[in-house]
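Asker: Structure in structure tokens, see below.
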Amino acid sequence: MPTALRDVVRYAVELAAPEELPLLDGLTELDDVQAERALTSRSRARERLGFGLTEAVALVTPVLWTVLSEAGRHAVGLAVDGAVERLRARLRRRRADLAGADRLTLPPMPPERIEEIRHAVRERCLAAGVNRARAVAVADAVAVRLAMDELRSNREGGDPQQPGPAQ
């Protein structure tokens, strides 16, 4: 069962960067696509969100949203060679018909993919100026949440007999 990207971001922010919760709360009126645009465009984020966070502060929320959004796109098998554009066109046509079309989701992921995402979150946080301890804490929180979702999906999906490494 897919997990809302917003839920994974909130989980990680609550654990590792709770001072950014007002920023996340300010995104509740936006759909996920609009929230991503607001977070990734500095001028729009300042104009649209107006939280007084315009000073040079290394925020983890935009990093998380971007990395997880990219992971979600990758997980559905989108290739860089134009498949993204075809999907966007399809979604634009179907958007009016689909409830929740603007909700970005992440499918359950295997441990290897979760580790890749953990690494990407850590590296992108560091590149954005987040200190190492916080970058590691944020990346670990994301990995924990994704692993919990994978475990829940396996239990709900009728795969409880999947052998573990010792079997």
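Asker: Under 5 Å between amide H atoms, partner at least 5 residues away or on a different chain: which partners does residue 105 have, H built in plane at 1.01 Å?
Answerer: 5
Asker: Note down the nm distance, to one decimal, between modelled labels 7 Å out along Cα→Cβ at residue 14 and at residue 1.
Answerer: So the label points at residue 14 and residue 1 sit 1.7 nm apart.
Asker: By count of other Cβ within 10 Å, fewest leading, how are 151, 30, 68 ordered?
Answerer: Going from least to most buried by this count: 151, 30, 68.
Laboratory data are not the source of any read-out in this text; all were calculated from the coordinates shown. Just so we're clear, the structure is a prediction, and the values are computed from it rather than from any experiment. Cβ atoms come from the backbone with ideal geometry, glycine included; neighbour counts cover every protein chain shown.
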